[in-house]
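Structure, as structure tokens:
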Amino acid sequence: MQPYDGVDFLNLDELLSDQEKQIRQSVRTFVSDKFLPVVAEHYQAGTFPFNLVPEIGAMGLLGCNLQGYDCAGLNDIEYGLIMMELERGDSGLRSLASVQTSLCMYPIYSFGTEEQKKKWLPPMAKGEKIGCFGLTEPDFGSNPSGMLSTAVKKGKSFILNGTKRWITNASVADISIVWAKYDGDIQGFLIPKNTPGYLPKEIGGKLSLRCSVTGEFVMDHCEIPEENILKNARGLKAALMCLSSARYGIAWGALGAAMACYHEALNYAKEREVFGTPLAQKQLVQSKLVWMITEITKGQLLALRLGQLKQSGKIRPHQISMGKMNNVQMALEIARVARDILGASGISDEYQCMRHSCNLESVNTYEGTYDVHKLIIGEKITGLNAF
Ligand SMILES: Cc1cc2nc3c(=O)[nH]c(=O)nc-3n(C[C@H](O)[C@H](O)[C@H](O)COP(=O)(O)OP(=O)(O)OC[C@H]3O[C@@H](n4cnc5c(N)ncnc54)[C@H](O)[C@@H]3O)c2cc1C
């Protein structure tokens, strides 16, 4: 198998700065040398290699697009390229960085007090503290505005009650960003690990995103000091701002998974002989490979344009929806076709496409399902809410 060297049919590298390419290369090397050798074993075990997190932190990949507080202060295209390279390894690896960066550090950075930022952001950037983001509930996923979790003020404390489910890193997190109804509106709070009444546990039996820890937590009269409110994280809009940041990263990340699968299928097809010729010499197979690289290239253009818009502060949520919706669906279809090209080998953990395909089922669902993003775009272009 040829070493992985990206996929760039339209010479899009010409649009990237030297620094952007260097950052991409350093993450690519980390994924090849440190992550890919252990991913199959962790995927089978249903675990994440947390021993790599300090190195991921030392590389500046956590909270990478935030300024100050020991964060790397990178631009939005650099952030996207990092997500792409991490997800080339596994969606679980990108999920760890996405959740930490966009769903946990970003709300503390954007809505927190100076004290909260100084306390949490530096250790989170170094990977010494892990965060989780609790928005989804057992009965409210696509429609978080219906959430049942509540917060009530009692003296100098808040008392939280409710259940959050399908929360990445819930059972290992040092700090949870939790959303609950307070005084008639959704509000963000910080719940540190080991707070009495905060009861996290891991969800087992997953057939997707196995190299990622997914859990749930119950808040049973969970009492936190009043200074743990994320004061400016008020209203569903605040939670959606975090999701927009994460969805932007997923639009890039999914490209990484698609590119890994294309690379694997192309190389396999060139080496595998069937009916006396390389598989890659068959027109049907070339048709599949051409479709893959065309879809990847369109997805790259979409992500790059989103990066430019985000960089200039002009990006709108419905534009991010198109990136998340299209690129994840594209990656999922490419992973399935790659798996088909590999024949029986495609189901083995010696190869990546089946793992990516299984992972992308989750990525298609979380951070707004494919259909939810369609509804967001549909409302934007028609002015009619079809939720
Ligand atoms: C591995 C994994 C990790 C996750 N990590 C997190 C996390 O860290 N934090 C967090 O808060 N959440 C997390 N989630 C939860 C995720 O965001 C939700 O699963 C997602 O929002 C969908 O919600 P749901 O599962 O309740 O599905 P539902 O909302 O019940 O949707 C089921 C189906 O109905 C469709 N649907 C919904 N509304 C409409 C409509 N109006 N019209 C037509 N069809 C509709 C959906 O598209 C979907 O196909 C994670 C999920 C997974 C699988």
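The values are calculated or read from the model by the stated rules, or taken from the named source; none is laboratory data. Values in this document were obtained by computation on a predicted structure and should not be read as measured data. Please note: Cβ atoms are built from the backbone with ideal geometry, for glycine as well, and neighbour counts cover all protein chains shown.
Side notes on the structure shown:
- Residue match in the range 18-39 (condition: assigned by TED's automatic domain parsing to the domain that holds Glu114 and assigned to a loop (DSSP other than H, G, I, E, B)): no
- Checking Leu86, Leu52, Leu62 one by one, the residue that is assigned to a loop (DSSP other than H, G, I, E, B), surrounded by 15 or more Cβ atoms within 10 Å (Cβ to Cβ) and modelled with pLDDT of 95 or more is Leu62 and no other.
- Ile224 meets the conditions (1) farther than 27 Å from Ser362 by Cβ; (2) not assigned by TED's automatic domain parsing to the domain that holds Asp174 in every case but one. The failed one is (2).
- Restricting Ala303, Ala338, Ala260 to residues that are buried (at least 21 other Cβ atoms within 10 Å of the Cβ), more than 18 Å from the chain's Cα centre (by Cα) and assigned to a helix (DSSP H, G or I) narrows the list to Ala338.
- Residues located in the range 45-65, provided they are farther than 14 Å from Met124 by Cβ and not aromatic (Phe, Trp, Tyr): Ala45, Gly46, Thr47, Pro49, Asn51, Leu52, Glu55, Met59
- Some residue of the range 137-156 being away from the ligand (no atom under 16 Å from the Cβ) and surrounded by 18 or more Cβ atoms within 10 Å (Cβ to Cβ): yes
- Every residue from the range 355-375 that is hydrophobic (A, V, I, L, M, F, W, C) and either surrounded by fewer than 20 Cβ atoms within 10 Å (Cβ to Cβ) or in contact with a strand residue (DSSP E or B) (Cβ under 9 Å, 6 or more places away or on another chain) (or both): Cys358, Val372, Leu375
- Counting residues in the range 197-210 that are surrounded by 24 or more Cβ atoms within 10 Å (Cβ to Cβ) and within 11 Å of the ligand (Cβ to nearest atom) gives one or more.
- When Arg355 is tested against (1) under 14 Å from the mean Cα position of the chain (by Cα); (2) outside any loop (DSSP other than H, G, I, E, B), exactly one condition is not met: (1).
- Residue in the range 371-386 that is under 20 Å from Leu96 (Cα atoms), assigned to a helix (DSSP H, G or I) and within 16 Å of the ligand (Cβ to nearest atom) present: no
- Which listed residue, of Gly184, Gly188, is among the small types (Gly, Ala, Ser), free of Cβ contacts under 8 Å to residues at least 24 places away in the same chain and either within 14 Å of the ligand (Cβ to nearest atom) or not assigned by TED's automatic domain parsing to the domain that holds Lys324 (or both): Gly184
- Scanning the range 163-172 for residues that are touching a residue at least 60 places away in the same chain (Cβ under 8 Å) and either surrounded by 22 or more Cβ atoms within 10 Å (Cβ to Cβ) or within 8 Å of the ligand (Cβ to nearest atom) (or both) returns Trp166, Thr168, Asn169.
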